[in-house]
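Report on the structure given below.
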Amino acid sequence: MRRRPLPSVREDSNTKYWRSICDNEWAIYALVASVGALTYSNSLHGEFVHDDIPAIVTNADVTGANPVVKIFKNDFWGTPMSDTGSHKSYRPLTTLTFRLNYALCGLSAWWWHACNVALHAACCALVARAGAVVARLQRPFAALAALLFAVHPVHTEAVSGVVGRADVLACVFFLSSLLLYHGSSGRRRVWSSAVLAGLSMLAKETGLTALLLNLAFDFYRSWNCMSRSPAKCRWKGDSVWSRVVKGLLVLMLLAIGRLALLQGSLPAFSPQDNPPAFHPSFAIRLMTFCYLAAFNWWLLLCPWTLSHDWQMGSVPLITSGWDPRNLVTCAALIALLALSYRCLMDLELQRHSPLVVGLMLLVVPYLPASNLLVTVGFVVAERVLYIPSVGSVVITVYGIQLMWKQGGNSRRLLILSIAILVASGAARTFLRNRDWRTRESLLRADLAVLPHNAKLHYNFANFLKDIEQQENAIKHYKEALKLWPSYASAHNNLGTLVLASGRAEHHFLQALKYNRDHVNAHYNLAKLYRKKNRIPESLKMLERCISLEPRFVQAYLELLHLTPENEKKTTLERLLELEPKNWEHYHLYGNWLKRRGLWPLSLAYYSTALRLSLDKGERGALPSLRAACLVLRNAGQHSRLLQVLTRWQSAGGGAAAAERRRAAAAAWRLRSELEGRAAKYARAPLMTSTCLHHSQLEVSPDYTNKIVHRDSRTIASQPSVPLDITDKIKSSCQKYMYKKSVSISAHYKPIHNKSETGVKQKSCPLHKKKKIKDPDRLPFVTDHLIKTY
């Protein structure tokens, strides 16, 4: 049984003038894509803000520190899915695009934002295609729906924030699956659309609803044939039942696979993330969640109040049936029931396909984030409205299309209203993009909108702490605690800023009072106790910290300060196990082995640290190199020392890095040579004279005879020199022939300038002799030693 074909779209005479600009579909797609890209063009100069830092900048799956296979084992934030502290958000496809971005352009934020804008432009074109093919809007109005989608201000978090790529990428595959299922007639379209829905789920979890929407709309389109000819509803290759069975089979498999990825544990959320979900009263939870659904719909209709964080007091709980916000919930519920009734009444004739498609797109993708089926970690999140906004604009444009068909003089007013709507949306989006440019601008803008949000005050205090505005940071931490007294993280961070006042221990204990499993509070309290020499309490806190987070590297580093010297081996080996590519841990291990007298082993660890540090840059190259060279020099292995220096000098890193290494190696050789000469000279006894005279040197007899014979021959060969000079040289050498050795004072200082000493001294005879310019005078041995030193 084949489903009923879609009704043809008839264009009356009043819409014929649109034909001239709407005949070319690709022109429409290019137009709406260009508008979407231009609207978000000022977001290209933004930085990594908010969730971009943990999801991208510090995520080892993105930066390449972890192998690619880890992406399919870790969650979106780089934590293993088997970890109890995992967020359980499995989006490997999005993480792969992040890794590709990093491989191509590093952490240059411009290219990351450009990729988001390009994906948003593609979504705009797909909305125009889906509006015309699936929703059966007239082509000009399908283009209008895409324009409204392109400039919608609620999309700024998904497009301007790099992490929002998960929603944009999921929307690309979501709409592609919808178009392939309902916009083509191939036999394999069901399986192909199921594959695209699976890819949408791998981009973000809400993409799984694409299969559910495809099946629901397929039932709607096939209802007329099913009701009129029930006998023909038998299994065929392309019957509605075969399509439903295939779709349900894939849906079950994907859902089971997604649940299996939870690995037996649900994500752990706190009352700070989602206060209504933890309230004991079912009535209060139901009223609050229904109001939140109505509030999200209002954001789609009037996106004026926008914020990247709606937690902790932004939306107070509805604790009474007389709360006026219940009226908003009732109004939204009545509107939803009215639309649903209109769709059911039109089930036979199916004249309002745009309304049905829009209503399904509005409701079905929002269900996973509604808190009605499963608990999520937020109350309101603008990024999850990216796909539901397609349904909102389709319903809005369908109403405009119905008003346009009525004709009359109201069309001019309708055109003016549409122009104002598109222009105001683009202007609001353009201004909101500027808020997302930096971390500071985003926090300041959202604090102006939601000053009663404790989470925003906490995040702004963290920013002020990072830029070393301690006083203002303390003020905002206190404001966050005033709005939310049980905010454990605010207590912990405030304690780190009031160490001098003596209130740090109180805030750390308060953090543990409201959250016994707060790892950072245990760690900070352990450091505080160590500084106060309360060693047993510090050890207790560190043990608790490690039991809560076995991979907490900082706790092990702090434990090294408290562990006896002969018991540090276990901690050092644990550090190497946790971070096998961290050169600092190998350096620490080498220092411990060196103190134990195990120089060969310490040299091996220093060499490993040097290799790892050179692989990551030159930050750790010099400390590791210096430690290795000191070990080799103390062991007397000068050849190996020179080999290490040569290899380090020839390592990669560019011309500038090589030049710095050559300069450092030359400085090391010069310093070693000077230290050796100074040690040699320091072994001589004390001399009373400040000037070294040649009479204080002794020369061996053999060496004297050689000099005498050589000098005699030299002088004799010169007729201008008197012969009695030879006799003087012989007598001078014989006079000092039987002394033992040359002795140089350890306190000798080659000062020949009286102004440098400050004391009047006798003139040096050597100076007097040097004043006689005799080119044939033989140099004394003392002259050579003084110049070398």
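The values are calculated or read from the model by the stated rules, or taken from the named source; none is laboratory data. Note that this is a predicted model, so its numbers are computed, not measured. For neighbour counting, all protein chains shown are included, and Cβ atoms are generated from backbone atoms with ideal geometry for every residue, glycine included. Heads up: the accessible areas ignore ligands, DNA and RNA and are worked out on the full protein's heavy atoms, side chains in. Shrake-Rupley method; radii C 1.70, N 1.55, O 1.52, S 1.80 Å.
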Task: Karplus 3J(HN,Hα) series, Hz, for the range 272-282 with 6.51 cos²θ - 1.76 cosθ + 1.60 (x for Gly, Pro) - done: 5, 6, 9, x, x, 5, 9, 6, x, 8, 5
Open item on the list: A 31 angstrom limit on the alpha carbon distance is what I want to check against. Which of Lys70/Lys513; Lys527/Lys569; Lys70/Lys532; Lys70/Lys475; Lys465/Lys540 exceed it?
Closed with: Lys70/Lys513; Lys70/Lys532; Lys70/Lys475
Task: Dipole moment magnitude, nearest 20 debye, the range 266-366 about Cα centre, only Lys, Arg, Asp, Glu C-beta charged - done: 120
Open item on the list: Rounded to the nearest 20 debye, what is the charge dipole size of the range 371-458 about its Cα centre when +1 sits on each Lys and Arg Cβ and -1 on each Asp and Glu Cβ?
Closed with: 240
Task: Vicinal HN-Hα couplings computed from phi for the range 349-364 (Karplus, 6.51 cos²θ - 1.76 cosθ + 1.60; Hz; Gly/Pro x) - done: 7, 6, 8, 10, 4, x, 5, 5, 5, x, 5, 5, 5, 6, 9, 4
TODO: Report the charge-dipole magnitude of the range 465-518 in Debye, nearest 20, computed about the Cα centre from +1 at each Lys and Arg Cβ and -1 at each Asp and Glu Cβ.
DONE: 220
Task: 14 Å cut-off, amide nitrogen to a point 7 angstrom out along Glu567 Cα→Cβ, residues in the range 508-547 - done: 535-543
- [ ] For the range 277-349, divide the Cα radius of gyration by the Kirkwood radius and give the resulting Rg/Rh value with two decimals.
- [x] 1.07
TODO: Could you calculate the contour length gain from Leu327 to Leu347, that is, 0.36 nm times the residue separation minus the distance between their Cα atoms, to one decimal place in nm?
DONE: 4.2 nm
TODO: List the residues whose amide H sits under 5 Å from the amide H of Asn74, counting only those 5 or more places along or on another chain, with H placed 1.01 Å from N in the peptide plane.
DONE: Met81
- [ ] Return the Rg/Rh value of the range 341-463, two decimal places, where both radii are evaluated on C-alpha atoms and Rh is the Kirkwood radius.
- [x] 1.09
Task: Within the accessible area of the range 326-442 (1.4 Å probe), percent carbon and sulfur - done: 71
Open item on the list: So if I take the centroid of the Cα atoms in the range 265-292 and the same for the range 187-209, what is the distance between those two points in Å?
Closed with: 30
Open item on the list: Defining a contact as two alpha carbons under 8 Å apart and six or more residues distant in sequence, what relative contact order in percent does the range 461-545 show?
Closed with: 18
TODO: Place the peptides 169-180, 267-278 in order of packing, highest mean first, counting for every residue the other Cβ atoms within 10 Å and averaging per peptide.
DONE: 169-180, 267-278
Open item on the list: If you scale each eigenvalue of the Cα gyration tensor by 5 and take the root, what three semi-axes come out for the range 30-131, rounded to whole angstrom and sorted largest first?
Closed with: 28, 16, 11
Open item on the list: If packing is taken as the average count of other Cβ atoms within 10 Å, what order do 371-379, 604-612, 308-316 fall into, highest mean first?
Closed with: 604-612, 308-316, 371-379
